[in-house]
Amino acid sequence: MLDRCQANVAIDPPATTAEQERLINEAYADVYHISGGGIKRIAHGTAWTETKLDATGFLSGKITDISRITTVYRSVTVGSTGAVGDTPLDPVDSGHLAWLRGQVGMGTYSVPKVYSLRRLDTTTPADVNKLVLDYWPQSPAVNTYLPIHYIPQFTILDSVTVTTPNVNDLESRDIALLAAARLAPLIGRAELVPSILADVSQRTAAALERKMKAMLSAEQDR
């Protein structure tokens, strides 16, 4: 980042460490969301407080770093993380799932078929962002588990706990370039921004262009 801004780091640092970290993490956040995030695979016991499915029809979440669940699996293996042989459930909206629960003559199933997710409003810091998963039917077979695959939320780099960006090698390079483009005008080198952005990867550049059009125009991308 500093090299692309032609900054004399040894004699006259152009920004404090805190300012540099802020610029880097702003760029990292852009690149992370453009990349789509990496997939985490976790077992039922890691995702939900209930040890297995029961007749209540819902599971309460244990973790708070979920950005989006991509797949919910049904498994008969307690520690499975969504392996071959496990069956994906179909996602439905909460209204449809409630309708299914109220119907008679829908057939008899020994395992859950569909699920719906909701995020509860809470003022308890430890419970913020935990999910509740509703499933139907709510009387599954004994020893049934629901492992998940999910995209985690963005976690900043802090030079101690998280020191490596969770993106691929090309996207890691883009982080430094976007941070440099943010820093250059702040230190009187705005003329370098076009040449810096010219080296950003094609995918990141295209996504940023769409973002800028959406910000500057009332007509949003469809």
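Quick note: the coordinates plus some simple rules give every number you see, no bench work behind them. Keep in mind it's a predicted model, so treat the numbers as computed, not measured. With ideal geometry, Cβ positions are generated from the backbone for all residues, glycine too; neighbour counts draw on all protein chains shown.
Here are a few things to note about the model shown:
- In terms of packing, defined here as the mean over residues of other Cβ atoms within 10 angstrom, the peptides 124-133, 41-50, 144-153 line up highest first as 144-153, 41-50, 124-133.
- Full-stretch length increase - H149, L100 - with 0.36 nm per residue and alpha-carbon distance subtracted: 15.1 nm
- Across region 94-105, coupling constants 3J(HN,Hα) worked out from phi with the 6.51/-1.76/1.60 Karplus curve, θ = phi - 60°, read 5, x, 5, 5, 5, 5, 4, 5, x, 8, 10, x Hz, and Gly and Pro carry x.
- With contributions of -39500 (n - 2.57) from each DSSP H run of at least four residues, the per-residue ellipticity at 222 nm computed over the chain stands at -9500 deg cm²/dmol.
- Charge tally around G37: other residues with Cβ under 14 Å, Lys/Arg +1 each, Asp/Glu -1 each, net 0.
- Overall form of region 40-152 per C-alpha gyration tensor (a/c, 1.5; a/b vs b/c): oblate
- Calculated FRET efficiency for the pair L197/E26, C-beta based, R₀ 25 Å, to 0.05: 0.95
- Counting lysine pairs in the chain that sit 8 or more residues apart in sequence, or on different chains, and whose Cα atoms lie under 22 Å apart gives 7.
- Highest to lowest packing among 196-208, 21-33, scored as the average C-beta count within 10 Å: 21-33, 196-208
- Listed values [x] 7, 24, 32, 24, 9, 3, 0, 0; [y] 7, 25, 24, 19, 15, 7, 2, 0; [z] 7, 31, 35, 19, 6, 0, entry calculated as P(r) over Cα pairs in 10 Å bins from 0, in percent: [y]
- Extended-chain gain in nm, criterion 0.36 nm per residue less alpha-carbon gap, V128 and V84: 12.6 nm
- Once the mean of 1/r is taken over each pair of separate Cα atoms and inverted, region 1-94 shows a Kirkwood hydrodynamic radius of 17.4 Å.
- Region 163-172 - phi-based ³J(HN,Hα) in whole Hz, Karplus 6.51/-1.76/1.60, Gly and Pro as x: 10, 10, x, 8, 9, 7, 5, 5, 5, 4
- Counting 0.36 nm for each residue step from R119 to D54 and taking away their Cα separation leaves a gain of 21.3 nm.
- For region 110-126, putting each phi into the Karplus relation 6.51 cos²θ - 1.76 cosθ + 1.60 with θ = phi - 60° gives couplings of 8, 9, x, 10, 9, 8, 9, 10, 9, 9, 7, 7, 8, 9, 8, x, 5 Hz, in residue order, rounded to whole numbers and with x for Gly and Pro.
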